[in-house]
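Here is the structure we will look at, set down as C-alpha cells.
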Amino acid sequence: MAETGLYGGIELGGTKTLVAVGDADGRMFARATLPTTSPGVLLPQIAAFFADHAAGHDLAGLGVGAFGPIVIDPAADDYGHLLETNKPGWSGFDLVGALQGICNAPITLVTDVAAAGLAEARLGSLRGVDLGIYLTVGTGIGGAILYRGQVLPALLHPEMGHLPIQAHPNDPARSICRFHSSCAEGLAAGPAIMARFGASLSEFATGGPEHQLIADYLGQLCATLVLALSPQGIVIGGGVGKTPGLVDAVNAAMLRQLGGYAGRSAAYAGFLRAPALDQDAGIVGALCCAGLREPAHAA
Ligand SMILES: [Zn+2]
C-alpha cells in the first residue's frame, strides 16, 4: 500500500495536460484537463488548480509524467528541463523548477509513457505480471518496461518506437521520422497513417489492407521486443492502439514474424492486450509516482 496523504499528479501531454489531487494508489479526488499552451499560460493554471483543490493541505508528493524529450535523471545538471522540442516555448524550460515554485512537495518526474505504463502495471492490464511492456501508439510510438510494478531504470528512457522495421515492398509511403528511413514510428504512428492514407486507421474496415499493413509493422516491433526481452505481456495503448480489431491483427502479425520461433513466449491468448485504464493511465500513474520517495524505478 502506498503512504497516506494528499498527493498531486500532473500528466503534461503534447496537446492537453491533466492535473489531479488524490492518493498515491491512483484514486482521484479532483481533476481537470487543461490545454498544453505555453509555459507562461499553463503554469499559472496548474497553480490555480492546486490552490483550489489542495488549499489548506500540504501535498505529500507531486508526481509528474511529462512529454519529452525531458531530462529525468535527478543527478543531471539539467534535471527536469525539456530538451529541444517543436512545441513553442517549451525548449529548455525548467519544468521541475517551475513546479517547485508552485508546490512545496517532493517531485517525482517520469516520462508520460512511463507514468501510463506504471499505472497499467499497478492497477491495469499488467497487474501481477513480472516483466511487461507498455507501448503507446499515437502521435508517436513510445514504450516503457515494467518490472514487478516499477519502471525499469534506463540511462535516458527506451525509444522502442525507433526500432528499425522492414518496409513492405508495396508500401509507397516514406518514413515520417526525420532520423530514420525505416523505423516503427516513422511508418506506423498516427501521423504516418494520416500521411499515407489521408485518414485515421479507424476510418478503414477491420481486416482491410490498411489495417493489415499497420498491424504488420507493429507486429514486427512486438516480435523484436519478444526476442530482446521475453516479456510476459505487452499492452498496446494510444489512439492508434484503440482501433477496433488492431490488437488481434498485431498479435497474428507478431507470431508470423517470429516464424514459430520463441512461440512459447508469446503464443498464448492475452499476450498482447489493450490497456485497462484507457485515457486515465497517465494521470493515475503520475499519482502513483507521487507516493514514491525515489524515482519510479525498480530497486
Ligand atoms: Zn525513428
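The values are calculated or read from the model by the stated rules, or taken from the named source; none is laboratory data. Everything quoted here is computed from the prediction, not taken from an experiment. Backbone-built Cβ (ideal geometry, glycine too); neighbour counts: all protein chains shown. Quick note on the areas: whole protein, heavy atoms, side chains included, nothing else; ligands and nucleic acids left out. Shrake-Rupley method; radii C 1.70, N 1.55, O 1.52, S 1.80 Å.
Please give the calculated 222 nm ellipticity per residue for the chain, where each DSSP H segment of at least 4 residues contributes -39500 (n - 2.57) and the sum is spread over every residue; nearest 500 deg cm²/dmol? Show your work: numbers first, answer last.
Working: 10 runs with 100 residues, N = 299.
Using -39500 (n - 2.57) per qualifying helix, the result is -10000 deg cm²/dmol.
Computed over segment 129-188, the range of Cα coordinates on each principal axis works out to 42, 22, 18 Å, biggest value leading.
Taking amide H atoms as placed 1.01 Å from N in the peptide plane, the amide H of Thr37 lies under 5 Å from those of Leu42, each 5 or more residues away in sequence or on another chain.
Site pair Arg31 and Ala276 shows an inter-label distance of 1.6 nm when each label is modelled 7 Å from Cα along Cα→Cβ. Amide H contacts under 5 Å for Ile70: Leu83, restricted to partners 5 or more places along the chain or on a different chain, H placed in the peptide plane at 1.01 Å from N. Bridge orientation summary for segment 125-275: considering DSSP beta bridges with both residues in this region, about 60 percent are antiparallel.
Solvent exposure of the chain, expressed per residue, is 45 Å² of accessible area, with all protein chains present and a 1.4 angstrom probe.
Which percentage, to the nearest 5, of the DSSP beta bridges contained in the chain is antiparallel?
Looking only at bridges with both residues in the chain, the antiparallel portion is about 55 percent.
Accessible surface of segment 125-275, 1.4 Å probe: 54 percent of it comes from carbon and sulfur atoms. With the convex hull of the Cα atoms taken as the outline of the chain, the averaged projected area works out to 15.1 nm². Take the Cα of Asp78, go 7 Å toward its beta carbon, and the backbone nitrogen atoms of segment 157-171 under 19 Å from that spot belong to 157-159. Taking 0.36 nm per residue of sequence separation and removing the Cα-Cα distance, the Ser38/His57 pair yields an extension gain of 4.1 nm. Remark: the Arg178-Thr85 segment gains 32.2 nm on full extension, using 0.36 nm per residue and subtracting the alpha carbon distance. Taking 0.36 nm per residue of separation and subtracting the Cα-Cα distance, full extension of the segment from Ala267 to Asp94 would add 57.8 nm. Spacing of the modelled spin labels on Asn104 and His168, each 7 Å from Cα toward Cβ, amounts to 5.9 nm. Ellipsoid semi-axes for segment 125-275, based on the Cα gyration tensor and the rule √(5λ), read 23, 17, 14 Å when sorted largest first. With the whole protein complex present, His53 retains an accessible surface near 90 Å², based on a 1.4 Å probe. Shape of segment 1-63 from its Cα gyration tensor (a ≥ b ≥ c, root eigenvalues): rounded if a/c is under 1.5, otherwise prolate when a/b > b/c, or oblate? It comes out prolate by the Cα gyration axes.
Given the Cα atoms of segment 1-146, and with Rh set as the inverse mean 1/r over their pairs in the Kirkwood sense, what is Rg to Rh to two decimals?
Numbers: Rg = 15.0 Å, Rh = 15.8 Å.
Looking at segment 1-146, the ratio lands at 0.95.
Between the alpha-carbon centres of segment 246-262 and segment 4-55 there is a gap of 39 Å. Restricting the calculation to Cα atoms, every distinct pair contributes to the Kirkwood radius of segment 161-230, found to be 12.3 Å.
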